[in-house]
Structure formats: C-alpha cells, structure tokens
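Computed from the coordinates by the stated procedures, all read-outs in this text should not be read as laboratory data. What you see is a predicted model, and the numbers here were worked out from it, not measured in a lab. As a convention, Cβ positions derive from the backbone with ideal geometry for all residues, glycine included, and neighbour counts pool all protein chains shown.
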C-alpha cells in the first residue's frame, strides 16, 4: 500500500519512520506558517515549534504511545520554561553578560530536567525516566530563545510566546501523529508538494489575522459613522 | 457581523503592513540606515533636521578601556546604536556631588563608572540589538522634559510618533512613559499611546496595553485635550525626515526639548500598529487615501494631512459655527464678594429656559443681602395656582421691588416638587472662556449635585457635546 517512492526509499535502507517524519516536516511548518499569518499566534518563529513538535514525536515513538509523547513532552517543556523564568529573575540581579547568563540558565535547566526524569523514575513513570537525550536537548535549547526574548521583550512576552509555542507544537504533533494522515502521506507522498502552493497563498495574504480582530476591537467598537466610507 | 467586517477593512494588519507597505516602500538601504541610529542622526542633521547632540561613542572594548568617563557632562543618555523598542537606554540627570564619576538617574538611584562600563559592555555584546549582533554604544545630549508633559510622564521623555507615507503624515500619537513601561515610551511594555488629531495637534483618545483609558494611571488627569506645542513644526520635521531617509513608509519619533523645541529622535522602518488603537481609527483607510497623491512642498503635505485626517476635534466645529463646544457638565468661574475667582460645576440643562443658582452660591457671589431681604417677606398672601404667575410677579415687584437690594425681578416657578417664588439677580460668569451676563434665579439647591443649572437662554453661543 506504500507509494513506490516510499518503498524505494525503505529498500535503500532508510527507515520508514525517517521517511515519514521527513515528509511530515513540510506539513508541520505549513501549519506553523498558517498559525502565524492567519491566526496570529507568533510562537518562537518557525524553527523552534517545529523542533519541539519533533521532540514530542520522538518521545511518543519511544513510549509507543501518542498520548504519552504529548504528556511527557508537555512535562519537560513546562519544566524548562518554569525553571527558565525563575532562574531568569534571579540572574537579572547579577547583571551578567549575555552568553554567560545563557550558559548558567542552560546548566540549571538541564540539572532540573535530570532531577525531573529521576523523579519520574521514582514515581514509577519509567516512560518519562527513559526519554532519550535528543528530545531533551531540543527542549533545553529552547532556553536560549526564551532568555533572548526575556531580555528583549520582557518576561511577560517570553511566557506568552512559550505558551504559544507549546500550543502550536501540540497541534502539529497531534496532526502529524494522526494515523489517517500518516497513512495518507505514506500512500501519496507527492501531496506534500501542495504545501508549497498553500505557502505561496499564505505569503501573499494581506488580510487581518484572527488575533488582530481582537487587538483592534476597540476601533471597530468606537469607529464613527464618518469613517464608514 | 458585516458592520464589523467593513470597518475592519480600514485597519492595517501585520500582514498588509509588511507586504504592502514595508516591503515595497522601505528598501534595504533605507532600512539599514534606520537601524543604525548614529548614522541616521548624521544624515538627518545634514538634511537640516535638529537631532540630539552626540557627545561621544564607544565602538569596542579597547575604546571602552581608554574611555575617559570624567569627560562626560552632568546629564546624558547612553544608547545602543542598533537598539530598538527603547531597550538598553540609560539616562542620567546629574552628577552626584563630591563623588567623582558618579551620576544620578531619574529614580534617584546612583550610577557609578563601573555601572556605566557594565552597561556599555552589554551594549557592545549586542544584548539590546536586533538579532543580538555586536553593537556600538553612544552618549548623547539628554532631552529635557517639557513642563507641559511633566504631570503625564513617569521618568523618561514622551515622544511623538508620526506615520508618514507618500510624504504625507497620516497618523500620529503621543507616547507617554509610565511606571509599567519603566520610563521608556515603548507602548508594548505598558507605555500609554495617546491619539492626536492631525489638524490641531490636540490629543483625542488613549490606550494602554491596547485598552482604552481616559486618565493618567492613578491620577485624575485627562489624557485627551492636551495641545501638543509646535504641532506644525513636528509634522514638517516628519515629512522632511521621509525625504532625507528614503523610507517610504516611515515612523518618525520626535521629542520636544524644553529649550530646543522639537528634536528628532529616531526614524523607524517598521512602525508598529498600536497607533491605530490610540487614534481609534484604522491606518489602511488613511494610507489608501494618500496613495498616489503628488505633493510638491512640505507645507502642502502638512496642509493635506491636516485637512484629510483632522477636524474630529471640536475646535474645527467651533471655527465653522463660531460657537464654543461645552459638555453636559461644565466648569463655571465666578468672582466672589472678595473679588476672588472661584470655580464650580454646573449642569447644562436644555430643558430649562433660564439659569438657576443655589442660595449658598448666590451668597458667595455677593447677594447675601438680597436673599436676607427676600426671606423677610411674608409670601403667604400669594396663592400659587397655574396662570397666576404673571399677576403675582407684578404685584410682588410693585410692593417690594425697591426694598430688596439688587433684585432684578421675581419669577414664579411651578414644578413637580411644588411652586415657589424665586428672586432674580443679574450676574456674570465665565463658561469655557466666554463671559456670560445673565439674569439668574436663586433657589435652594442644597441637596442637589450641582449648585447651578444653565438654561437655554444662556446657551445661545454654545454647542453641547454630550459625550465629552
């Protein structure tokens, strides 16, 4: 039932999961682009939510459960951001230069993540304890994005963007874990090329974002009749 | 919701701003110029636009080590060259006495030479620059706060953002630093954005965090109605800056110095959209109206802006009708018996023909004797029935008119709360800078909210704006 191309790739020794995940990437980034341009959810750009999505996928594959992937991924993500926020507040007083500050943050965040994994093991959540290093590393590198946002735009924005990243990543994760979509892509891999067309449309889209209807609701509320024309 | 959709067509969203305005009208060289503050200030100065004076700059760690901090003046602003959103700016107001190389900030905290060095190092490392690229630090003259803005401002300096497109200023706002914004005028961090009427330079509505507010936080100080000084000059500067900078879609940031007047702070290649909320109007509608217009001179551009995007303010109506605009409750000035001016609030009542004032107020403005004399008279001989008014008035005036000091006339008022005979006196008051001479009746309004109601007779020179 696989498409010839997929079968060919697999026969050349590329693991099926790798083929599938690679084909899913265009879909993930298209979803993210859609959320940015049409819905107005910013998140940390396109790269970070895509990576986090794949971290979730990796955890889910290992735990062999879609739900657990989301659950463990969510736990690690929230830990990283919560610790990042706290450490950020403490470090602000020391007035350190940027890179050393990020280095300290990553150190403390990794130690906290390790502690959490051990705690997961103690609580008999062996799935959480055995999450592999790749997704954990991705989550920890989130900290850099988080810190730079914290410095440039303030802690509030950093937390908002993190939450948005988490939401988009979860949406992407559930979309690309959806067995119907997976089977569909494996059968018709060329479909992913359509994302290019979708992105051209998104790239030319000049309409208001959904979030902007809320941001500017005061204007529509008070707009005077003279502006109606 | 079709009405909501048609109205929102005039709102400029992020997508349209980037694709339709910034991309085609702000080309890369101009954008690079805008991001480089020192260079853009140099270019502006060459173009005849006044900018804050550059004191000195530090471009590397080596220069920092050799830098003589004692050469700095008593007050200055330290800024990152590629900074944005007002981040990384440090302003000192004076030197601490008897301590070398120590300055004081607006919040009275002390800044030592070491603090400055750390800050400069952070700037050089790119902590405040776009994409964290290595940066320069520079010191420039500190803008001195205009007295007018003082009560509205927390620490920093307010500035005026003008969006200029196709050489025509299309929208403007006043940005006020607040406690929440930490003294920067960044409206995303809690600075207040106040819309400005383009014709008059008078502020209209205000927002903080995208929510409409009327007063300065924690103060009973209205944000609307502030008249920005040098308004024409500010608009001209903004247009000129567009010419000089080559940015087709420009956000011009202009501050007003107490001594120097309007000073150009920054050109911005990606001006934000919050200005729409501040003005409660969409940018897209305005941008479309000026697209394709060919404007020859700066004066003409400013005139177009003022006539196209102004006039919502009452002053325009006042000019046309020759009438003053007042609100439903208006401040009234009187002169008391000791020749001192004082103010009260009066209700404007178009349901009443003549103006009434409270007994106490009448006493205060010198009619104490009149009221005392009036109170002496026994009114029981009069029977108040509808239609008897004129007869009673005539009879009363004949009998007592001469005996009561300063009495002009008398009026019988039939009202739901019972009928009464009220003395009428002649007085003058000032409403919205207009002197009104009127015959007013005196009545006990002690348990009513306003000591005065102003009736139609005295409102002929005014228009009433109920939403004011």
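Using the basic label-point model (7 angstrom from Cα toward the beta carbon), what is the residue A:107 to residue B:98 distance in nanometres?
Roughly 4.2 nm, to one decimal.
For region B:324-465, take the convex hull of the Cα atoms, compute a quarter of its surface area, and give me that in nm², please. Write out the running numbers ahead of the final one.
Details: hull surface 34.8 nm².
That works out to 8.7 nm², a quarter of the Cα hull's surface.
May I ask you to sort B:300, B:175, A:215 by Cβ crowding, counting other Cβ atoms within 10 Å and putting the fewest first?
B:300, A:215, B:175
What percent does the relative contact order of region B:146-226 come to when contacts are Cα pairs within less than 8 Å and at least six residues apart? The partial results should precede the final answer.
Details: 170 pairs, mean separation 16.7, N = 81.
Worked out over region B:146-226, it gives 21 percent.
Angle between the Cα long axis of helix B:37-46 and the longest principal axis of chain B, 0 to 90 degrees, nearest 10?
With rounding to tens, the tilt is 70 degrees.
May I have the extent of the alpha carbons of the protein assembly as shown along their three principal axes, as whole Å values ordered from largest to smallest?
For the protein assembly as shown, the Cα extents along the three principal axes come out at 122, 67, 62 Å.
What nm distance separates the two modelled labels at residue A:7 and residue B:439, each placed 7 Å from Cα along Cα→Cβ?
Distance between the two pseudo-spin positions: 10.9 nm.
Calculate the translational D of region B:90-222 in whole µm² s⁻¹ from Stokes-Einstein, where the hydrodynamic radius comes from the Kirkwood formula applied to all Cα pairs, the temperature is 10 °C and the viscosity 1.306 mPa s.
Working: Rh = 17.0 Å.
The diffusion coefficient I find is 94 µm²/s.
Expressed in nm to one decimal, what extension gain is obtained for the pair residue A:192 and residue A:125 from 0.36 nm per residue of sequence separation less their Cα-Cα distance? Don't skip to the answer; put the middle values down first.
On the way: separation 67, 0.36 × 67 = 24.12 nm, distance 3.68 nm.
Length gained, residue A:192 through residue A:125: 20.4 nm.
From the Cα gyration tensor of region B:98-171, with a ≥ b ≥ c the square roots of its eigenvalues, which class applies: rounded if a/c is under 1.5, or else prolate if a/b is larger than b/c, or else oblate? Walk me through the intermediate numbers first.
Values: a/c = 3.05, a/b = 1.30, b/c = 2.35.
Oblate.
Give, to the nearest whole percent, the P(r) tail of region B:346-412 beyond 18 angstrom, counting all Cα pairs. Mind showing how you got there, number by number?
Values: 1057 of 2211 pairs.
When every Cα pair of region B:346-412 is considered, 48 percent fall beyond 18 Å.
So how much slack lies between residue B:18 and residue B:382, counting 0.36 nm per residue of separation and subtracting their Cα-Cα distance, in nm?
Numbers: separation 364, 0.36 × 364 = 131.04 nm, distance 7.99 nm.
My answer for the length gained is 123.1 nm.
By how many degrees, between 0 and 90 and to the nearest 10, does the Cα long axis of helix B:298-309 differ from the longest principal axis of chain B?
50
Can you tell me the 0 to 90 degree angle between the C-alpha axis of helix B:231-245 and the longest principal axis of chain B, rounded to 10?
Tilt of helix B:231-245: around 20 degrees.
How many partner chain Cβ atoms sit within 10 Å of a residue's Cβ in peptide A:147-155, on average, as a whole number?
Per-residue shielding by partner chains comes out at 4.
Comparing A:53, A:113, A:18, which has the greatest mean-square fluctuation in the GNM of chain A with Cα pairs linked when under 10 Å apart?
A:18
How many angstrom lie between the Cα centre of region A:124-173 and the Cα centre of region B:126-197?
32
Could I have the simple spin-label model distance between residue B:293 and residue B:402, label points 7 Å from Cα toward Cβ, reported in nm to one decimal?
7.0
Select from A:80, A:109, A:38 the residue whose mean-square fluctuation is largest in a Gaussian network model of chain A (Cα-Cα springs shorter than 10 Å).
A:38
For chain A, what does the relative contact order come out to in percent, with C-alpha contacts under 8 Å and a separation of six or more?
Details: 211 pairs, mean separation 80.4, N = 229.
Relative contact order here is 35 percent.
Between residue B:340 and residue B:415, what FRET efficiency comes out of the Förster formula 1/(1 + (r/R0)^6) with R0 = 35 Å and r the beta carbon distance, rounded to 0.05? Can you show the working numbers first?
Working: r = 33 Å, r/R0 = 0.95.
Result of the calculation: an efficiency of 0.60.
Viscosity 0.692 mPa s, temperature 37 °C: what is the translational diffusion coefficient of region B:381-468 from Stokes-Einstein with a Kirkwood Rh over Cα pairs, rounded to a whole number of µm²/s? Working shown, then result.
Details: Rh = 15.1 Å.
In µm²/s, the coefficient is 217.
In whole Å, what is the distance between the alpha-carbon centres of region B:55-117 and region B:34-53?
Between the Cα centre of region B:55-117 and that of region B:34-53, the gap is 21 Å.
Indicate the gyration tensor shape class of region A:4-227 (rounded, prolate or oblate), computed on the Cα atoms with a ≥ b ≥ c the square roots of the eigenvalues: a/c under 1.5 is rounded; otherwise a/b larger than b/c is prolate and the rest oblate.
Values: a/c = 2.13, a/b = 1.03, b/c = 2.07.
Oblate, because a/c is 1.5 or more while a/b does not exceed b/c.
What does chain B give for Rg and for Dmax, in Å, if only its C-alpha atoms count?
According to the Cα coordinates of chain B, Rg and Dmax are 30.0, 101 Å.
So how do B:119-131, B:454-466 stack up, highest first, on mean other-Cβ count within 10 Å?
On the way: B:119-131: 19.5, B:454-466: 15.5.
Most protected by this proxy first, the peptides run B:119-131, B:454-466.
Top mean-square fluctuation among A:27, A:151, A:168, Gaussian network model of chain A, C-alpha springs under 10 Å?
A:151
Over region B:53-142, with a single point scatterer placed on each C-alpha, what log10 of the ratio I(q)/I(0) does the Debye formula yield at q = 0.16, 0.20, 0.24, 0.25 1/Å?
Those come out to -0.58, -0.91, -1.26, -1.34, one per q.
Return the whole-Å distance between the Cα centroid of region B:440-464 and the Cα centroid of region A:31-103.
65
Take peptide A:200-213, look around each residue's Cβ out to 10 angstrom, count Cβ atoms belonging to other protein chains, and average those counts. Let's see the in-between values first.
Numbers: counts 0, 0, 1, 2, 2, 4, 11, 5, 11, 4, 0, 2, 9, 6.
So the per-residue partner count for this stretch is 4.
Give the Rg/Rh ratio for region B:1-107, taking Rg as the radius of gyration of the Cα atoms and Rh as the Kirkwood radius, to two decimals.
Details: Rg = 20.8 Å, Rh = 17.9 Å.
That ratio is 1.16, to two decimals.
Quick one: what does P(r) look like for region A:135-229 with 10 Å bins over all Cα pairs, in whole %?
Pairs per bin, as whole percents: 12, 23, 31, 24, 9, 2.
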